[in-house]
Amino acid sequence: MRVLLVGGHDAQGSWVWDTPVSADPAVLRHSGGRGPRAGAAESIFTVVGPGRGTLVSARTCAPDPGTDCPDPVPWQVTIVAE
């Protein structure tokens with residue numbers, strides 16, 4: 001399974017994603033991808049067993065001069081593998 005999170009820019013600054021990781025490697029194992037580049041992050045996961053697996057990441061802000069950023073925005077998704 002491929003996860004691609006794409007960053008962007010708004011009035012506060014540039015948004016960048018952390019590399020998605022598996023919170024449950026007995027169900028979803030990280031098997032490739034690339035680290036954050038231009039705000040985007042990609043991971044590839046392989047299902048290695050049945051159950052529920054959670055993938056997590058967070059979006060953080062790099063502020064433009066004179067602006068503040070809000071707290072990081074968490075992201076997660078739960079995959080059910082049978």
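Throughout, read-outs are computed from the coordinates displayed, never taken from laboratory work. As the structure is a computational prediction, the values presented were derived from the model and not from experiment. We place every Cβ from the backbone using ideal geometry, glycine too, and count neighbours over all the protein chains shown.
With the cut-off at under 15 Å, measuring from each backbone N in region 19-35 to a point 7 Å along the Cα-to-Cβ line of L4 picks out 20, 33-35. Measuring r between the beta carbons of H30 and D64 and using R0 = 22 Å, the FRET efficiency lands at 0.10. Residues whose amide H lies under 5 Å from that of D24, counting only those 5 or more places away or on a different chain, are T54; hydrogens are built 1.01 Å from N in the peptide plane. Across the chain, Cα-Cα pairs more than 17 Å apart make up 49 percent of the total. For the chain, the relative contact order works out to 32 percent when only alpha carbon pairs closer than 8 Å and six or more residues apart are counted.
Full extension of the chain between V56 and V77 yields a length gain of 6.9 nm, computed as 0.36 nm times the residue separation minus the alpha carbon distance.
What net charge is computed for the residues neighbouring T19, neighbours being all others with C-beta under 14 Å from the C-beta of T19, Lys and Arg scored +1, Asp and Glu -1? Net charge in that neighbourhood comes out at +2.
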